[in-house]
Amino acid sequence: MSAELISGKDLATNIKKDLAVEVEELKKQGVTPHLTVVLVGHDPASESYVKGKEKACAETGMGSNVIRLDETISEDELIQTVDKLNKDDAVHGILVQLPLPDHIDEQKIIDLIDPEKDVDGFHPVNIGRLVTEQEGMVSCTPLGIMEMLDSKNIEIQGKNAVVVGASNIVGKPVAQLLLNRGATITNCHIYTEDLKAHTKMADILVVAVGKAHLITADHVKEGAAVIDVGINRLEDGSMTGDVDFENVKEKASYISPVPGGVGPMTITILLKNTIIACKRQENVE
Ligand code: NAD
């Protein structure tokens, strides 16, 4: 058996076309969704993510700007910047690019962002809303994974979903989204004993660890849907996921590649979240 590919790249392209139409409609009503990204310092990976976000906003006709701050900025100055953005009615979405320099308390900054503008969905209020199934902002990568599963009409309710990785930004929220949709969830992590025993039970397997080819064909149940979130750089500079794609694809029914899988979906959902935030704040449909 060779699995059907879930191309996040193709799905993201289609979603962005729909979002561009939506932005056009909003503009006719005099509203332009606007995302502000705050970038502290010059981390090359962060610079590249931020450029990708600006480009994607421009492609869909949304407004965006980047506030670039020196890495020596004090925590108080950053607090003031976020505070100003919270009060600015023209800004619908605020994203503070992580990681922040060591002298700044990351959680303190996240906690300060207005939950209605928290398009990353990291604010504890939005996490609480996710857990209690209330309307809020859900973080982009987990939501992108759900859209990938839905794009192939993969059944979730009643299925065994195993998530490997339990971070606040990917593992935990995607496990919660799967639970909210009626899956029976198992969340594995670094201390899980006998990882294979768990992953082999998975109808849906989501892997978000950051270890190249941690998941081999032996870990996977015949016919499973496998989503690979991992981004790992090999010595030759190429990018690979957490799943041994070549072998696992012979056993799974669906599989997402790296690159071209979850990555392109994350930015697209950020745009979608900004549009959702804009509509709620402006009270438009
Ligand atoms: P993280 O380092 O915060 O968390 C990693 C998780 O993996 C932890 O819960 C840890 O307990 C678990 N883990 C570590 N080793 C393990 C092992 N041997 N067996 C089982 N579990 C193990 O990472 P993160 O921020 O959640 O990101 C995970 C991966 O996903 C990284 O490669 C990251 O680059 C990637 N990522 C991709 C996107 C995207 O848009 N494609 C977005 C976010 C993260």
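Derivation of every value follows stated rules applied to the coordinates shown; laboratory data play no part. Source: prediction; values computed, not measured. No Cβ is skipped: glycine too gets one built from the backbone with ideal geometry, and neighbour counts run over all protein chains shown.
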Kindly rank 112-121, 6-15 from highest to lowest mean number of other beta carbons found within 10 Å of each residue. 112-121, 6-15
Return the percentage of antiparallel bridges among DSSP beta bridges fully within the range 30-114, rounded to the nearest 5 %. 0
Towards the positive end of the charge dipole of the chain, with charges on Cβ (+1 Lys, Arg; -1 Asp, Glu), say which of Gly241, Leu205, Ala58 has the farthest Cα. Leu205
Give a residue-ordered list of calculated ³J(HN,Hα) values for the range 90-96 (Karplus: 6.51 cos²θ - 1.76 cosθ + 1.60, θ = phi - 60°; whole Hz; x for Gly, Pro). 7, 9, 9, x, 10, 10, 9
Report the net charge of residues surrounding His42, where surrounding means a beta-carbon distance below 11 angstrom and charges are Lys +1, Arg +1, Asp -1, Glu -1. -3
The chain, relative contact order in percent, only Cα pairs under 8 angstrom and at least six apart counted: 22
Counting Lys and Arg as +1 and Asp and Glu as -1, each charge on the Cβ, what is the dipole of the range 140-263 about the Cα centre in debye, to the nearest 20? 320
Cα gyration tensor category, rounded, prolate or oblate, for the range 30-114 with a/c compared to 1.5: oblate
Selection from Val82, Cys188, Thr216, by position along the positive dipole direction of the chain (Cβ): Thr216
Tabulate in residue order the Karplus-calculated ³J(HN,Hα) for the range 19-36, using 6.51 cos²θ - 1.76 cosθ + 1.60 with θ = phi - 60°, rounded to whole Hz; enter x for Gly and Pro. 5, 4, 5, 4, 5, 4, 4, 5, 5, 4, 8, x, 10, 10, x, 10, 10, 10
Those trypsin sites (Lys or Arg not before Pro) from the range 14-76 that are DSSP loop and have at most 14 other Cβ neighbours within 10 Å turn out to be none
Antiparallel %, DSSP beta bridges [both residues in the chain], to 5: 5
Percent relative contact order for the range 140-263, counting Cα pairs under 8 Å at least six residues apart, stands at 22
Test item: Cα-centred dipole of the chain, Lys/Arg +1 and Asp/Glu -1 on Cβ, debye: 700
Taking 8 Å as the Cα distance limit and 6 or more residues as the minimum spacing, I'd like the relative contact order of the range 30-114 as a percentage. 40
Could you let me know the centre-to-centre spacing of the range 77-135 and the range 1-26, using Cα atoms, in angstrom? 26
Antiparallel bridge percentage (DSSP; both residues within the range 140-263; nearest 5): 10
The range 30-114, dipole about Cα centre (Lys/Arg Cβ +1, Asp/Glu Cβ -1), debye to the nearest 20: 460
Quick one: 3J(HN,Hα) in Hz for the range 126-138, Karplus 6.51/-1.76/1.60 with θ = phi - 60°, rounded, Gly and Pro as x. 6, 5, x, 5, 4, 5, 9, 6, 9, 5, x, 10, 9
